[in-house]
Amino acid sequence: MRNEIRLPRTRRILGAIALTLTGSALLGLVAAGPAGATDPTGGISQVKLSYRGDPTTSVVVSWRDASTTTTGSVQVGVGASLGDCPANCSTVQADRRLIGSSDGAPYAFYQAELSGLKPGTGYSYRVNDGGTPSPVFRFGTPAGGNSALRAAFVGEVHIGDAVQPGSPTPALAPVLGQISASGAQFVQSTGDNVNTGSLENEWERLFGASPSFFGSTPYLTAIGNHETYGGFGKGVPAATVFGNFPQPTNGDGSGRYYSYDVNGVHIAVVEANPETPKAYFTSQLAWLTADLAAAKERTRFQIVVTHSPPFHSKTSRVTPTYENPEFRDSLVPIMDKYGVEMVISGHDKHYVRSYPLNGKKDRGAVPEIAPKPVRAGSGTTYIELTSTGQNYADFLQQDWMAKSDPVSAEYLQLDFGTNEIQAKAIRPDGSVLDQFSVPRVR
C-alpha cells in the first residue's frame, strides 16, 4: 500500500512536498535471551536518518520503541519549526517490525520514508507513538545537480569492544561532534559499527553516543563481519542491522550492497568481509560493473566502500596467507576499468592512504593483482580507516602506501568540487592527520 500525504496550503508557499510511505519486505527475527539492552518499555529511542531513494528528495526516519506499541508516525514540516501540528505539517505512518536480540526482549522498530521533498531545503520532524513524542529534529536535503558536497566516512567504530580507549564508551561521541560541526551532509560507515551485531545493548550505545546527531544526519553502513555475529547464519547480518539501517535496496533488494548518488557523486557499497560467502561476493560483481558503468556517464566522482580493504596493512592478513585475495583480484580491475577515484575500507584498524594505484598482473602470486603506483588522475586512491581508537599492533609498512599511521583514530572528510576531491583525515580532537587531494580519474 502506498499513501501520499501533502502539506496544507499554508505551508506550500515554502515549497510543496509529497511525503510517501514505502513498505519494506524485510522481516525481523524475534529472539529471546538474557537481559542486556536497557528499558524495553521506555518509549521512543534511537531516532535516526538514512537514505533509500534520491537523497535530494527523500529521507528515511527510523527508530526503536517498546514491543507493546502498535503504530508509529512522523510529523514533518518545512523550516526550523513544526509550528501548529497537525494543522501545518504532514503525518506519515511508519512500517513496524518486531525484532529481538540475543541479549534481551524484542523491540518494535519503525521506518518511515519521506519522499517528494524539495532539494536544498530544511525540514523539522518528530516521531510519535501515541504517547510522549520524540524531540524535534532538523535536517536539510542536498541541493542536487553538481553542487558542492561535504561527506564524512568512518570505520571500525566497534562499540562493545573492550580493548578500545574509553571502553565501554569509545571515542565515537567526539568523532560525531567533529562531523556535526563540519556540516557534512551524510556519514558512510565501512562497517563493524558494533562488536556483535545481534546485541541490542551495543546498538543502544552506538546511537546513544549522540542522539541529536543521528536524528539530523543520515548514516549508512557497509556490512562488516561483526554485523553478522549472532545473525541468521554464517555471513548473514543480524536482523537488528536491517532494523537500524533502512538502506537503499538497488543491489539485491536486501540493503546488504547498494549505491546512491548525492550532488553528482556516486557511492557504491559492496559487501566484502571475511564472513561474506564467496558465492555471495561473486554475485555482486556483475551488479557493481553495471552500476559503475552507468554512474560514470552521469556523475563526476565515483567512490566505492568495502569493509575489507583490497590491499591489507595488517601483517597477519598479508603473510603467510593473504586474507580474501579474491577481493583484490576481482575489485581492482573493475576500479581500473571505470576510473573510480577512491576505495574506502576499514577492517585492518590502521590509517592508510595509498598512492594512486592501478592493478598489474603478478602471475603465480596470491593475490594475482599487485599494486602499481601511477600518476594522479590515472588511478584509484585506497583508504583504510579506524575511527574510534582501536589499532592492531602488527602493522606492515608497504611501498604502495603514500601515508600511514598505525596508532591513530580518524574519520575522513571529503569535499567534492567540480574536478577535484579535497580530503582530510581528522582525529577525534579535530587535529588533521592527513590532507590531500584527488583529481577526477578520466
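The values are calculated or read from the model by the stated rules, or taken from the named source; none is laboratory data. In this text the structure is predicted, and so the values were computed from the model without any measurement. Ideal geometry is used to build each Cβ from the backbone, glycine not excepted, and the neighbour counts take in all protein chains shown. Keep in mind that these areas ignore ligands, DNA and RNA; they rest on the heavy atoms of the full protein, side chains included. Shrake-Rupley method; radii C 1.70, N 1.55, O 1.52, S 1.80 Å.
Here are a few things to note about the model shown:
- Once all protein chains are placed together, D291 keeps about 20 Å² accessible to a 1.4 angstrom probe.
- A simple spin-label model places pseudo-atoms 7 Å from Cα toward Cβ; at V163 and R442 they are separated by 4.6 nm.
- ³J(HN,Hα) computed for each position of the range 220-229 - Karplus, 6.51 cos²θ - 1.76 cosθ + 1.60, integer Hz, glycine/proline x: 10, 9, 7, 8, x, 4, 6, 5, 8, 6
- Taken about its Cα centre, the chain carries a charge dipole of about 1240 debye when Lys and Arg each add +1 at the Cβ and Asp and Glu each add -1 at the Cβ.
- The chain shape via C-alpha gyration tensor axes, a/c threshold 1.5: prolate
- Assigned charges on the beta-carbon of Lys, Arg, Asp, Glu; the range 186-320 dipole about Cα centre (debye): 360 debye
- Between A184, A279, A105, the residue with the greatest mean-square fluctuation in the GNM of the chain (Cα pairs under 10 Å linked by springs) is A279.
- Tilt relative to the chain, helix 325-338 - C-alpha long axis, 0 to 90 degrees, to 10: 80 degrees
- Projecting the Cα positions of Y280, P373, V241 onto the charge dipole of the chain (unit charges on Cβ atoms of Lys, Arg, Asp and Glu, taken about the Cα centre) puts P373 furthest along the positive direction.
- Cα-based reach from K296 at 17 Å (exclusive), listing lysines while leaving out same-chain residues under 8 positions away: K337
- Axis angle, to the nearest 10 degrees, between helix 172-182 and the longest C-alpha principal axis of the chain: 80 degrees.
- Looking at the range 184-291, the accessible area is 24 square angstrom per residue; that uses a 1.4 Å probe and ignores ligands, DNA and RNA.
- 20 Å reach of a label modelled at A402, 7 Å along Cα-to-Cβ, counting backbone N of the range 344-380: 344-346, 350-360, 370-380
- Surface accessible to a 1.4 Å probe, E420 within the full protein complex, Å²: 80 Å²
- Calculated from backbone phi, Karplus (6.51, -1.76, 1.60) coupling profile of the range 346-351 in Hz, x at Gly/Pro: x, 6, 7, 6, 9, 8
- Over the chain, dividing the summed -39,500 (n - 2.57) contributions of all DSSP H runs of at least 4 residues by the number of residues returns a 222 nm mean residue ellipticity of -4500 deg cm²/dmol.
- Judged by the gyration tensor of its Cα atoms, with axes a ≥ b ≥ c, the range 62-201 is oblate; a/c meets the 1.5 cut and b/c is at least as large as a/b.
- Modelled spin-label separation between R363 and T132, with each label point placed 7 Å from Cα along the Cα-to-Cβ direction: 7.1 nm.
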